Structures are given as C-alpha cells and as structure tokens.
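Down below is the structure, laid out as structure tokens.
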Amino acid sequence: MSEENEGYPHSAISSWSGFVYQGKVALYHCLKMILEGDVDFELQLDSTDDFAIYKEGVLLSAHQVKAKVGKYRSSYIEALDKSAEIELDRIKGTRRYFHLSVEISDMNDYLASNGEIVIFYSYSDKKYCGLGEIELLTKSIIEKICESRSIVVSDLILSTNYCCLSEKISSKAVEIHKKIQVDGETERKAAYQNRIHGQNILEEILNTNPYNDTEYYSIDLKNRLNFYLEDKLDRSLFGMTDAVYERARRLFEHIRETEASELKALCQLMKPSERFSRIQSVDIRRYSGLIHTITVEPKLYKLPHYVDKCQEFYIPTALDIYEEEEYSECSSDIINEIKSNDDLLKLLFEYNNLIAFRATESYTFDTRITDIVDLKDQKAKEHIDSNITKTLCISILSKEEAEARLK
C-alpha cells in the first residue's frame, strides 16, 4: 500500500525548525488539561497537525504552532487555511487552535472559506507566548498540579519535573524519527500511532524522586542547550554565513536527538575545572560559540569532538583563561576534580586535549593518577599499587592552535 493511500495524516516530523517551541507548547497544553481534571487523553506529535489531542480514539483538538513567522496576520493566512482544512480526522466542527510566539496585527479568530473557525490560543490574558516565557508558565502549572495533590514543591522539584517532562516529549519525537529512518515506517504511520497518554504525564510528576545529580543535570543541560541553540539560530540567522549556519543547525539537531543519558560526559567536560553542578548559561554560550567559530567541522557522535590525523581526540570546552595566573589555577582545579570524580578521570584519559573558549596560549600539565579503573574500590586500589604508575597528560589549547593541529 502506498503512503498516499494509507489514510494517515501528513507528518511534519522532518522539519527541525520550531521543534523546541512546538514541544514546549504541547507540554503546556497537556498540563493545563491535567490541572482541569482531564487525564484520559493522548498527545500525538506531528501527524494530524503540529500536535493533536485524542480522546477515546477521537480527535479532540488540532494545534498548529508558529514561532516568529512575522508581525502581520497576512504572513499566516496560508498556515491558517491549512489548519482549517477538512481532511481525515479533522472533520467539520473539529476544534482547531493556532499558537503564536509573537503578537501580530490581528489576533481575532480566523473564519476560513469552508466555514471552519481557527482559534488563536490564549495564554492567560494574551494570545501569544514567547519561547522565553513558556517555561515559567509551564512550571506554574506543574506547581498547581502538585499543590492540588498536597505535594510540597521546591525550585529543584519544579525544574526536575519540567526537564523530565520536556525530555519525554522530545524523546517521543526522536523515537518517531527512528521508526522512520531506521525501521522504515512511513512518516504518517510512525507519528500517528505513537502517542503519549495524559496519565503517563501526570505519573511523571507524582512519582518524581530526588535525582542523581549527573542524571538530572544532563537532562537539564540538554534542554537548556536546545533552547539556547534554537534561540541563537532564530536571532542570528540573517547575519550568519552559510557554513556557520549549517554547523549551528547540525549541532542543534545532534543535541536534540542525543539521549540525555549520553550527555553526562558533556556535563563533566564542558567545565572540567569546576565541581560538577548545573552548567551556567554563560558556559553554554561559550561552548556553543566555540563550536560555531572553529573552522573545522566537529564529529557529531555522542560527545561533539574533533579528531586530528593521528587520531587524537579534541574536546571543545567553556574554559576561559585570560590572565597568566589562571593557567596554574585551572590546572590545579582540574587535578582536584579528578581526585574526587572518577567519571571525569576516565573521560580525560580518552579526551585529554581540551580546547579552551579563550586562552592566550596553549600549555600542558601532568597528573600522577595511576589508572582509570574504579578508584573507590579497595581491591582496585591494591591492584593499582602493584602496577607501574601511569601519568595523565592534559593539554589546554587555544582555539588557534587547535585549528592548526586539526587542519
């Protein structure tokens, strides 16, 4: 049977633009339904529309999401007409919503030529919501859901829930993508049949326990990197060269599609001189900015990295070393972190060439750590004592020297 005759609505899963905003809006709407007492629904991504809500197998509402298309209603007429179309599950009288990230000249509901009405979605007292605002609105809904069930909330619990729920939406989209690219399913079928039940979203909130730091912060980093890269592309699009744009887009797609669990290494290596914790926004900007400006293409496999002709690995970091005394301080900080962080130690044995966001010159320092096995295990320590000491040599490279080596 051909894809055209399968009866599945067209999918937009191949389009990366607006992915972050679309997922955040879908999550916000689902949480609003849960807060209002409705958990018996299913969220469908990228099939009937950008996202859709089904209940007992019937389409409850179809949602189209547009991020910064323009300031005038005329820029959206084609999309509004598409939202109003009567096809497959979108029958006459279906509830249709249009989500905007910016205010436009006319936000009155749209009456299409076929008589269908497209409603501009309301966020509290306005009919648009920016990418930077949706997180706060969503967290406020999570907080109200917790309060309604006598769950004591803190900023950490709110952030944990928000990150995990966002990851749930993103993972489902990536799962659909895999079904298409790897398993050979048609876009329509893969997106149409894989849904998230409202009860599962609620359980994610109710069953949240304290997270292992690495697990939580890797999810947090993925979400914040996604947000920053999407926003960077949106703001800088017209000033970017084609090469920089393509590099930024590929990095965005790689981070978006990588499992959060695989980003634990990035959490450790983005700023190896500091105690493992939440990655600061300035470090995210430095890290992604370094990748954008290095003229060599990164290897986007798990941890973004570079490889020279001798098969040595190089890792971009957010290290910012611009005064002479900071060189020895940075070395000392990294050595201290290695002593208390076995995971970082193992990573640095593999990735020991660190490209600094800023460094006036390159330098190398040695450590006296002996091996890369679990140093907390007493038998492992005894085994190490009986072996020849192994020195770990770490290089901190300026962008310029790293580029020279890689070319």
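Below, the figures for the structure above:
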{"read-out": "Looking only at region 305-354, and only at residues there that are touching a Pro at 6+ places or on another chain (Cβ under 9 Å) and among the acidic types (D, E), the one that is farthest from R405 (Cα to Cα)", "value": "E337"}
{"read-out": "Out of I157, I180, I142, I117, sole residue that is at pLDDT 80 or above and crowded, with 17+ Cβ neighbours inside 10 Å", "value": "I142"}
{"read-out": "Yes/no for I142 being more than 18 Å from the chain's Cα centre (by Cα), assigned to a helix (DSSP H, G or I) and within 21 Å of A26 (Cβ to Cβ)", "value": "yes"}
{"read-out": "Test: residue in region 93-104 that is in contact (Cβ under 8 Å) with a residue 40 or more places away in the chain and either assigned to a helix (DSSP H, G or I) or within 18 Å of L35 (Cα to Cα) (or both)", "value": "no"}
{"read-out": "Enumeration of residues in region 58-92 that are assigned to a loop (DSSP other than H, G, I, E, B), over 26 Å from the mean Cα position of the chain (by Cα), at negative phi and of a type outside the set (K, R)", "value": "Y72, E85, I86, D89, I91"}
{"read-out": "Matching option when the condition is buried (at least 21 other Cβ atoms within 10 Å of the Cβ), out of contact with any helix residue (DSSP H, G or I) (no Cβ under 6 Å at 6 or more places or on another chain), under 12 Å from L229 (Cα atoms) and hydroxyl-bearing (S, T, Y), among Y245, Y287", "value": "Y287"}
{"read-out": "Candidate set: region 129-139, residues that are touching a residue at least 60 places away in the same chain (Cβ under 8 Å) and in contact with a Ser or Thr (Cβ under 7 Å, 6 or more places away or on another chain); chosen: the one least open to solvent (accessible area, probe 1.4 Å)", "value": "C129"}
{"read-out": "Filter result (under 24 Å from E143 (Cα atoms), among the small types (G, A, S) and not in a helix (DSSP H, G or I)) within region 20-51", "value": "G37"}
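Residues are listed down the side, and each one gets a yes or a no for (1) touching a Pro at 6+ places or on another chain (Cβ under 7 Å); (2) open to solvent by 20 Å² or more (accessible area, probe 1.4 Å):
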residue	(1), (2)
G37	no, yes
D40	no, yes
L43	no, no
T48	yes, no
I53	no, no
G57	no, yes
T94	no, no
N108	no, yes
S113	no, yes
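The values are calculated or read from the model by the stated rules, or taken from the named source; none is laboratory data. Small disclaimer: the values here were computed from a predicted structure and weren't measured. Cβ atoms come from the backbone with ideal geometry, glycine included; neighbour counts cover every protein chain shown. When the accessible area is computed, the model is the full protein with side chains, heavy atoms only, and any ligands, DNA or RNA have been set aside. Shrake-Rupley method; radii C 1.70, N 1.55, O 1.52, S 1.80 Å.
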